[in-house]
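Enquirer: Got a structure for you, written out below as structure tokens; questions coming shortly.
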């Protein structure tokens, strides 16, 4: 009798465990998980890209995909028509940079005219061309400007062509600048010797003082025209240069960074 009396109890426990696990698998764990992707995108748009939206990417796989979704980007194009999926559309790059928050990504529309004249990037931003290649999106420096873009903060430039007639395409004054799959072009000019596609005037922080480091990292980028490809007038130096010769162009990989102590030879005694 003891064995028969115990059997129904074990069966009931098994059924209760099955029902509980089934309910847990079918019902959302929290109310916010019940929202569709469109609603979550609208909510994430109110978060600052750094650090709030970045923290959201670490919650779960779904949030990671939504918080970094291209629909969260700012878009630039004089002929772009805003849609319900676009959070912000601007007619000029200057307006987009002014409205952007630290950590935002700005996508520049391909096939349209984009101008930049000494545009200062003083907050962490990512500028991305919206075309299939860097030649599809061209950012032109207006005549008489010293540079198209001036970087003072950590930034990333990708899939873009930056073109200048005189002066420089990019002027790096501080922060970590990453340039990937771009083209920097200085147009032919009688005063071409005054042009340089990339200029860095940043200084390395003193070891005793510390502070944020400054560096330029270039990968798979075409550099054309000008007196020289890179000019460093600060304490940073050109390092780790690699060049790949293609049919009609050269692709560059290099860094502009502080000289490592172990690379400085000690004076002979």
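The values are calculated or read from the model by the stated rules, or taken from the named source; none is laboratory data. Please read all numbers here as calculations on a predicted model, not as lab measurements. Here the Cβ is made from the backbone with ideal geometry for all residues, glycine too, and neighbour counts use every protein chain on show.
Enquirer: Can you give me the number of residues within the range 123-148 that are closer than 14 Å to residue 95 by Cα and out of contact with any helix residue (DSSP H, G or I) (no Cβ under 9 Å at 6 or more places or on another chain)?
Expert: Residues in the range 123-148 being closer than 14 Å to residue 95 by Cα and out of contact with any helix residue (DSSP H, G or I) (no Cβ under 9 Å at 6 or more places or on another chain): 0 in total.
Enquirer: Only residues that are under 19 Å from residue 79 (Cα atoms), in contact with a strand residue (DSSP E or B) (Cβ under 8 Å, 6 or more places away or on another chain) and loosely packed, with under 15 Cβ neighbours inside 10 Å: list them for the range 100-114, please.
Expert: Within the range 100-114, just 113 meets the criteria.
Yes/no matrix, rows are residues, columns are (1) closer than 26 Å to residue 251 by Cα; (2) part of a loop (DSSP other than H, G, I, E, B):
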{"site": "115", "(1), (2)": "yes, no"}
{"site": "120", "(1), (2)": "no, no"}
{"site": "123", "(1), (2)": "no, yes"}
{"site": "143", "(1), (2)": "no, yes"}
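Enquirer: I want to confirm something. Restricting to the range 27-72 and keeping residues that are in contact (Cβ under 8 Å) with a residue 24 or more places away in the chain and not in a helix (DSSP H, G or I), which single residue is farthest from the chain's Cα centre (by Cα)?
Expert: 48
Enquirer: Among (1) surrounded by 15 or more Cβ atoms within 10 Å (Cβ to Cβ); (2) part of a loop (DSSP other than H, G, I, E, B); (3) at pLDDT 90 or above, there is one condition residue 96 misses while meeting the rest; what is its number?
Expert: (2)
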